[in-house]
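Enquirer: To start, I am sharing the structure in question, which I have written as structure tokens.
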Amino acid sequence: PSLRHKIRLVLQLLKKYSGGKKDLKMLDVACGSGVFLSILASEYPQLYGVDRSVIGLEMAKKNCASCRFEVLDIEKESLSGEFDIITCMNALEEMKNDEAALANMSRMLNKGGYLIVVTPHSMRYWTKKDEDALNFRRYEINELAEKCKKAGLEKIEIFTWGWPLFALYYRFMAKVNQDRILKESGTRFLVSLMQKILYRLFFFDDKVIRFNKGRVFFGVFRKN
């Protein structure tokens, strides 16, 4: 349910900062299996994805046949093309040299283009789940804004999401063995039902975004 909400909120940001244009050149960095791009494919014809994983990109090509993909390590290199919007979801926290990655993403943006980042918020929320995901960090608001500024990216909009209901859910899930629960006989239906219920409940967290206590960080930055 949390992934669905992240995608929902990014889609709102894309609608807001695309100006209603459909012919924009868009890139998803660390696109993985291409699920997010496949959602965009029906509306945006110029979609690109990059990832370090060859296996992930093979899956992405199947999920989004109309998209263009390329193997790329964003910490070390960039594409020659320039993009109107770049998205980077749940990946920056896994990059050892995040400042190099931001500089490369900035390099690939057109002047006035937007970078939309989704990443974990605040080290005070750090749990073993972050360690298991091989994350290097969680970002404070001013910290990421400053790193983006060094890369030539101006802060346009920042907010956090996922408090209080998602925060409670996250703390619970960090303490359980999710794989074991899913493998246990007779639990898949219940898990699926709970996911649907939680998805609905998590809409409440939209109402308290202004407090910036959420576990998920959303940032929009524009190339100067």
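The values are calculated or read from the model by the stated rules, or taken from the named source; none is laboratory data. All of these numbers come straight from a predicted model, not from anything done at the bench. For neighbour counting, all protein chains shown are included, and Cβ atoms are generated from backbone atoms with ideal geometry for every residue, glycine included. The area values use the complete protein model at the heavy-atom level, side chains included, leaving out ligands, DNA and RNA. Shrake-Rupley method; radii C 1.70, N 1.55, O 1.52, S 1.80 Å.
Enquirer: For the stretch 36-57, what are the residues that are farther than 23 Å from SER80 by Cβ and of a type in the set (D, E, K, R)?
Expert: Listed by number, the list holds a single entry, GLU43.
Enquirer: Give the residues of the stretch 36-50 that are modelled with pLDDT of 95 or more and farther than 22 Å from ASN110 by Cβ, sorted by residue number.
Expert: SER38, ILE39, listed by residue number.
Enquirer: Right, next: Residue check: is LYS96 more than 25 Å from SER18 (Cβ to Cβ), part of a loop (DSSP other than H, G, I, E, B) and either of a type in the set (Gly, Ala, Ser) or open to solvent by 10 Å² or more (accessible area, probe 1.4 Å) (or both)?
Expert: Criteria met by LYS96.
Enquirer: With in contact with a Cys (Cβ under 6 Å, 6 or more places away or on another chain) and surrounded by fewer than 18 Cβ atoms within 10 Å (Cβ to Cβ) as the only criterion, which of ALA41, ALA133 stands out?
Expert: Criteria check complete, one pass: ALA41.
Enquirer: Right, something else. For ASP179, are the conditions met, namely being open to solvent by 30 Å² or more (accessible area, probe 1.4 Å), at pLDDT below 95, farther than 19 Å from ARG52 by Cα and not β-branched (Val, Ile, Thr)? So that I can check it myself, show each step before the final result.
Expert: Working: open to solvent by 30 Å² or more (accessible area, probe 1.4 Å): yes; at pLDDT below 95: yes; farther than 19 Å from ARG52 by Cα: yes; not β-branched (Val, Ile, Thr): yes.
When the stated conditions are applied, ASP179 passes them.
Enquirer: Which condition number in (1) surrounded by fewer than 20 Cβ atoms within 10 Å (Cβ to Cβ); (2) among the aliphatic types (A, V, I, L, M); (3) touching a residue at least 12 places away in the same chain (Cβ under 8 Å) is the one that ALA65 fails?
Expert: (3)
Enquirer: Consider only pairs whose beta carbons are under 9 Å apart and that are at least six residues apart or on different chains; among these, list those whose first residue lies in the stretch 141-161 and is without any contact (Cβ under 8 Å) to a residue 24 or more places away in the chain and whose second residue is open to solvent by 40 Å² or more (accessible area, probe 1.4 Å) and not aliphatic (A, V, I, L, M).
Expert: Final answer for the pair search is LYS149/LYS155.
Enquirer: Of everything in the stretch 192-212 that's among the aliphatic types (A, V, I, L, M) and in contact (Cβ under 8 Å) with a residue 24 or more places away in the chain, which residue is most open to solvent (accessible area, probe 1.4 Å)?
Expert: Here the answer is LEU201.
Enquirer: Would the stretch 14-30 turn up any residue that is among the β-branched types (Val, Ile, Thr), surrounded by fewer than 16 Cβ atoms within 10 Å (Cβ to Cβ) and at pLDDT 95 or above?
Expert: no
Enquirer: Output the qualifying pairs, or none if there are none: Cβ atoms under 6 angstrom, residues six or more apart or on different chains, first residue in the stretch 213-224 and assigned to a strand (DSSP E or B), second residue of a type in the set (Val, Ile, Thr) and at pLDDT 95 or above.
Expert: PHE217/THR119; PHE217/THR160; PHE218/VAL118; GLY219/VAL117; GLY219/ILE158; VAL220/ILE116; VAL220/ILE156; ARG222/ILE156
Enquirer: Confirm whether LEU57 is open to solvent by less than 10 Å² (accessible area, probe 1.4 Å) and under 27 Å from TYR139 (Cβ atoms).
Expert: Numbers: open to solvent by less than 10 Å² (accessible area, probe 1.4 Å): yes; under 27 Å from TYR139 (Cβ atoms): yes.
Taking the combined requirement at face value, the residue satisfies it.
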